[in-house]
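The block underneath contains the structure these notes are about, expressed in structure tokens.
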Amino acid sequence: MGLPEPLMPEAGVPPAAIEDNSTQFSWSVPTEIVELPSQGKFYPEGHPLHNVSNVEIKYMTAKEEDILTSPSLLREGLAVDRALQNVILNTSVRVEELLIGDKNALVVATRITGYGEEYQTSVTCPSCMEQDTHTFDLSELEHLDFETAMSDHNVTVSAENTFTVKLPLSKATVECRLLTGKDEIRMLKKSKKNAKKKTSTALTDQFSSFITTVNGETDPFRVGVFIQQMPARDSRYLRKVFAEISPNIDMKQHFECSSCAYTADMEVPLTSDFLWPK
């Protein structure tokens, strides 16, 4: 299935009214109901999205475009988050507390309201390496079936919304948590610092962000030692499982090369054209 029907304009959805009494103009900005990949299942009690399956957003306006092009926010990597916070109508929902998959769904929905579902960008064919312009239809993106993935990989969910995964080689049992927008920002900052030092710890940093225990061990130092020494086979398996069980949008879409006729499902490339189209 594509993105849920409520993502497309619906008749009868109440507008977010914006009026300027100092002029003769008033403008009612339409809104959208966006279905969350998580269905609200993994937020703790007391969170505004606990067991809430959707979020209402207003259409992107010139105000959000100003935010997206702010040099200072772009330098800090905060432009997208600030623009997204601006379109979410429920002010108790904070972008940094969103699960990453839910945040991604809202970003895609916001992009559709602002620039339409057609996303045109440059793509390099993995077969002939020719570069061409390809148009993706964002309205056809699907949500990952995380519940089936959990069953397939024998992943169990705790009352605290953590996930237990048994690794194939070491036989270690690791407990993981879903990542939020706050985790994403922290990893981005760490990545920028490492880039200046010309080092990279992206993989182990990611594991450190979502692995909470190993064989019941909670001590961060001991967990960190295991992460550093984890067999590559286990590392690859854990990355695969974690990606499949994390509620998110499936960004794969059909691609056909105009030069060599190569066809495949490929990850939609998120270039600057996504939120900064020419």
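The Cα atoms of region 29-78 define a convex hull whose projected area, averaged across directions, is 4.9 nm². I'd like the orientation of helix 100-115 relative to the chain: the angle between its Cα long axis and the longest Cα principal axis, in ° from 0 to 90, rounded to 10. Once rounded, one gets 20 degrees.
One chain, two ends: Glu96 and Leu270. Fully extended at 0.36 nm per residue, the span grows by 60.6 nm beyond their Cα-Cα distance.
Relative contact order, percent, of the chain when contacts are C-alpha pairs under 8 Å separated by at least 6 residues?
Working: 418 pairs, mean separation 50.9, N = 278.
Reported relative contact order: 18 percent.
Amide H contacts for Val34 (H built 1.01 Å from N in the peptide plane; partners 5 or more residues away or on another chain; cut-off under 5 Å): Val55, Glu56, Ile57. In a fully extended conformation the segment linking Lys197 and Arg233 would gain 10.1 nm over its present Cα-Cα distance, using 0.36 nm per residue.
When Lys and Arg each count +1 and Asp and Glu each count -1, what net charge do the other residues less than 10 Å away from Leu98, Cβ to Cβ, add up to?
My count for the surroundings of Leu98 gives -2.
Within region 146-245, the ratio Rg/Rh, alpha carbon atoms throughout and Rh by Kirkwood, equals 0.97.
In this rough spin-label picture, where each label sits 7 Å from Cα along the Cβ direction, the Ala62-Ser151 distance is 5.2 nm.
Rounded to the nearest 20, the size of the Cβ-charge dipole of region 146-245 about its Cα centre is 800 debye, with Lys and Arg at +1 and Asp and Glu at -1.
With Rh defined as the Kirkwood radius, the inverse of the mean 1/r over Cα pairs, the Rg/Rh of region 59-177 is 1.07.
A dipole drawn for region 146-245 from +1 and -1 charges on Cβ atoms has a positive end, and of Asn215, Phe146, Asn194 the residue lying farthest that way is Asn194. Comparing Phe226, Ile185, Thr164 along the charge dipole axis of region 107-251, the residue lying farthest to the positive side is Phe226, per the Cβ-charge model. Pairwise Cα separations in the chain fall into 5 Å bins from 0 onward with the following percentages, short to long: 1, 5, 10, 13, 16, 16, 15, 11, 7, 3, 2, 1, 0, 0.
All of the numbers you see were taken from the coordinates with simple rules; none came from a lab. These numbers were taken from a predicted model, which means no experiment stands behind them. Here Cβ is always computed from backbone atoms with ideal geometry, including for glycine, and neighbour counts include all displayed protein chains.
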